[in-house]
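Student: There's a structure below that I have some questions on.
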Amino acid sequence: MLTFVYIKDRNMIAIKYSPETVNLLSNQFSKDVRTELKEHLDTINKRNETYGEACATHDFCDANEIMWESFERVFGIELNFQDDDHMAITNAAWGTSKEKKFQ
């Protein structure tokens, strides 16, 4: 089963946006948020009901760091902020995690 696409070109690895890559990252990110912010999770989910696109995880830590670590755990490479696919995957995964209340 193909879960994400690696394109190798001169020792470069590209992770391409797909539903599978989003789900893989969302699951890891949710797990990491539950671990790092366990005592605040109820408050985060309650605040997220009114936060619009923003996420209440940022009220308790630099949640971007959690996402970066989650990305590296799942894909084995550093998140590249200049890569459109990386950014699309992280944004969609964050939204999915938030919608599922990090479960």
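Student: From (1) surrounded by 12 or more Cβ atoms within 10 Å (Cβ to Cβ); (2) at pLDDT below 95; (3) not in a helix (DSSP H, G or I), pick out the condition that doesn't hold for Glu72.
Tutor: (3)
Student: How about the stretch 78-103: which of its residues are outside any helix (DSSP H, G or I) and in contact with a helix residue (DSSP H, G or I) (Cβ under 7 Å, 6 or more places away or on another chain)?
Tutor: Glu78, Leu79, Asn80, Phe81, Lys100, Lys101, Phe102, Gln103, listed by residue number.
Student: Answer yes or no as to whether Glu39 is exposed (fewer than 14 other Cβ atoms within 10 Å of the Cβ), without any contact (Cβ under 8 Å) to a residue 60 or more places away in the chain and in contact with an Asp or Glu (Cβ under 8 Å, 6 or more places away or on another chain).
Tutor: Against the criterion (exposed (fewer than 14 other Cβ atoms within 10 Å of the Cβ), without any contact (Cβ under 8 Å) to a residue 60 or more places away in the chain and in contact with an Asp or Glu (Cβ under 8 Å, 6 or more places away or on another chain)), Glu39 does not qualify.
Student: It is to be established whether one or more residues within the stretch 50-68 are charged (D, E, K, R), part of a helix (DSSP H, G or I) and either modelled with pLDDT of 95 or more or crowded, with 16+ Cβ neighbours inside 10 Å (or both).
Tutor: Yes, the stretch 50-68 contains a residue that is charged (D, E, K, R), part of a helix (DSSP H, G or I) and either modelled with pLDDT of 95 or more or crowded, with 16+ Cβ neighbours inside 10 Å (or both).
Student: Taking the stretch 15-32, which residues are in contact with a helix residue (DSSP H, G or I) (Cβ under 7 Å, 6 or more places away or on another chain), more than 13 Å from Trp94 (Cα to Cα) and either part of a helix (DSSP H, G or I) or aliphatic (A, V, I, L, M) (or both)?
Tutor: Correct list: Ile15 only.
Student: Here's a follow-up. Going by the conditions given, is Thr35 part of a helix (DSSP H, G or I) and more than 18 Å from Arg73 (Cβ to Cβ)?
Tutor: no
Student: Name, by its number, the condition in (1) in contact (Cβ under 8 Å) with a residue 60 or more places away in the chain; (2) aromatic (Phe, Trp, Tyr); (3) in contact with a helix residue (DSSP H, G or I) (Cβ under 7 Å, 6 or more places away or on another chain) that does not hold for Phe75.
Tutor: (3)
The values are calculated or read from the model by the stated rules, or taken from the named source; none is laboratory data. Computed from a predicted structure; not experimentally measured. Quick reminder, even Gly has a Cβ in these numbers, built from the backbone with ideal geometry, and neighbours come from all protein chains shown.
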